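Undergrad: Take this structure first; my questions come after.
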Protein chains: 2
Amino acid sequence: MKIEPELCKVEDALGILVGKWKPIILLNLLKEGTQRFSELKRSMPGITQKMLTKQLRELEKEDIIDRVVYPQVPPKVEYSISEYGKSLEPILAAMHEWGMKHTLHKRKKMEQKIQ
Amino acid sequence: MKIEPELCKVEDALGILVGKWKPIILLNLLKEGTQRFSELKRSMPGITQKMLTKQLRELEKEDIIDRVVYPQVPPKVEYSISEYGKSLEPILAAMHEWGMKHTLHKRKKMEQKIQ
DNA sequence: CGGTATCCAAAGAGATACTG
DNA sequence: CAGTATCTCTTTGGATACCG
């Protein structure tokens, strides 16, 4: 472990990933590629338009995703992971893997309580 | 990328790591080993007693850290990373590494704006 | 020393309605 | 279609005081 707490940049990564919907948005774009606003919304049941817009704006601001507007009627806006954004994939993968283990861990703990 | 967004467990890992102070607490315990409440507090200027207690309780509940109370006066309580908690280290390391890159990325972006 | 309890401000998040 | 705007509720986080 060579991380100096004083110089810790973990917060920076957390700042990008945190937000109830950001990981799922990123995972969606990584998996499905370029997607329209409405496609993203459909794939995230429960999210409101306001929240989706907000999260997308924040990710765009950090250069994690690209936003392309087609000046036409009806409007068409496409979102995709930027090259830079792809560098987050290892983190998402590591978190997913750990999350799987954690699910098992919690199950074991529950079973112990029952007995 | 084999992560199915529908089965996504990234949130679980995020749930553990999120909180203004959790990463720095974990980093501290990983680096310094067992520490007393007051030592932890000293190494995190700005944190309040209430917040430190709260974060520690949450981490303890998820079995990420161990809490040992010595029944003596004045009280002594020691915190340490659990075996299970150590499995989070790769994630913290990955986030730290990414955070370092991100710091550079932001600097470049600023320089471009200035010119 | 290592906490609780209480109060309060700020940020996050949801519902709903409206618009170019 | 892809958003704003507004209002409200909930969650976080900070300040302060007190306790075993």
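Undergrad: State all residues of region B:9-34 that are outside any helix (DSSP H, G or I), under 18 Å from B:Lys54 (Cβ atoms) and more than 7 Å from chain A (Cβ to nearest Cβ); if no residue qualifies, say none. Give the steps one after another, and end with the answer.
TA: Within region B:9-34, the first condition is being outside any helix (DSSP H, G or I), and the residues that meet it are B:9, B:18-21, B:33-34.
If we keep only those that are under 18 Å from B:Lys54 (Cβ atoms) as well, we get B:18-21.
Of everything in region B:9-34, those that are outside any helix (DSSP H, G or I), under 18 Å from B:Lys54 (Cβ atoms) and more than 7 Å from chain A (Cβ to nearest Cβ) turn out to be B:Gly19, B:Lys20, B:Trp21.
Undergrad: Filter region B:63-77 for residues that are within 9 Å of DNA strand C (Cβ to nearest atom) and in contact with a helix residue (DSSP H, G or I) (Cβ under 8 Å, 6 or more places away or on another chain) and give the result. Give the derivation first.
TA: Applying the first criterion (within 9 Å of DNA strand C (Cβ to nearest atom)) to region B:63-77 yields B:67, B:69-70, B:73-77.
Listed by number, the residues that qualify are B:Arg67, B:Val77.
Undergrad: For region A:35-57, how many residues are assigned to a helix (DSSP H, G or I) and over 15 Å from A:Pro23 (Cα atoms)? So that I can check it myself, show each step before the final result.
TA: Our first condition is that a residue be assigned to a helix (DSSP H, G or I); within region A:35-57, this holds for A:37-42, A:49-57.
Subset that is over 15 Å from A:Pro23 (Cα atoms): A:37-39, A:42, A:49-50.
So the count comes out to 6.
Undergrad: More than 10 Å from chain A (Cβ to nearest Cβ) and more than 30 Å from A:Ile64 (Cβ to Cβ) - does that describe any residue in region B:84-101?
TA: No, the conditions are met nowhere in region B:84-101.
Undergrad: Would you mind stating whether B:Glu60 is part of a helix (DSSP H, G or I), within 14 Å of DNA strand C (Cβ to nearest atom) and in contact with a Lys or Arg (Cβ under 6 Å, 6 or more places away or on another chain)? Walk me through it before giving the result.
TA: Numbers: part of a helix (DSSP H, G or I): yes; within 14 Å of DNA strand C (Cβ to nearest atom): yes; in contact with a Lys or Arg (Cβ under 6 Å, 6 or more places away or on another chain): yes.
Yes; evaluated as a whole, the condition is true for this residue.
Undergrad: Is there any pair linking a residue in region B:38-57 that is farther than 18 Å from B:Pro74 by Cα to one that is within 8 Å of DNA strand C (Cβ to nearest atom) and assigned to a helix (DSSP H, G or I), with Cβ under 6 Å and at least six apart or on different chains, and which?
TA: B:Leu52/B:Lys41
Undergrad: Starting from residues that are among the hydrophobic types (A, V, I, L, M, F, W, C) and near DNA strand D (Cβ under 9 Å from one of its atoms), keep the ones in region A:18-63 and report whichever is nearest to A:Leu88 (Cα to Cα). It would help to see each step written out before you state the result.
TA: Taking region A:18-63 first, the residues among the hydrophobic types (A, V, I, L, M, F, W, C) are A:18, A:21, A:24-27, A:29-30, A:37, A:40, A:44, A:47, A:51-52, A:56, A:59.
In the following step, the residues that additionally are near DNA strand D (Cβ under 9 Å from one of its atoms) were identified as A:37, A:40, A:52, A:56.
Values: A:Phe37: 21, A:Leu40: 19, A:Leu52: 20, A:Leu56: 16 Å.
Once the filter is applied, the top-ranked residue is A:Leu56.
Undergrad: What number of residues within region B:35-57 are away from chain A (no Cβ under 14 Å) and either among the hydrophobic types (A, V, I, L, M, F, W, C) or more than 12 Å from DNA strand C (Cβ to nearest atom) (or both)?
TA: 4
Undergrad: Further, regarding this structure: Give just the number: which of (1) in a helix (DSSP H, G or I); (2) surrounded by 11 or more Cβ atoms within 10 Å (Cβ to Cβ) does B:Tyr79 not satisfy?
TA: Going through the list (1) in a helix (DSSP H, G or I); (2) surrounded by 11 or more Cβ atoms within 10 Å (Cβ to Cβ), B:Tyr79 breaks only (1).
Undergrad: Continuing with the same structure: Within region B:83-101, which residues are of a type outside the set (A, V, I, L, M, F, W, C) and either in a strand (DSSP E or B) or more than 13 Å from the chain's Cα centre (by Cα) (or both)?
TA: We begin by selecting, within region B:83-101, every residue of a type outside the set (A, V, I, L, M, F, W, C); these are B:83-87, B:89-90, B:96-97, B:99, B:101.
Matches in region B:83-101: B:Glu83, B:Tyr84, B:Glu97, B:Gly99, B:Lys101.
Every number here is computed from the coordinates shown, using simple stated rules; none is lab data. These figures come from a predicted structure and were not determined experimentally. Counting neighbours? That spans all protein chains shown, and the Cβs are built from the backbone with ideal geometry, glycine included.
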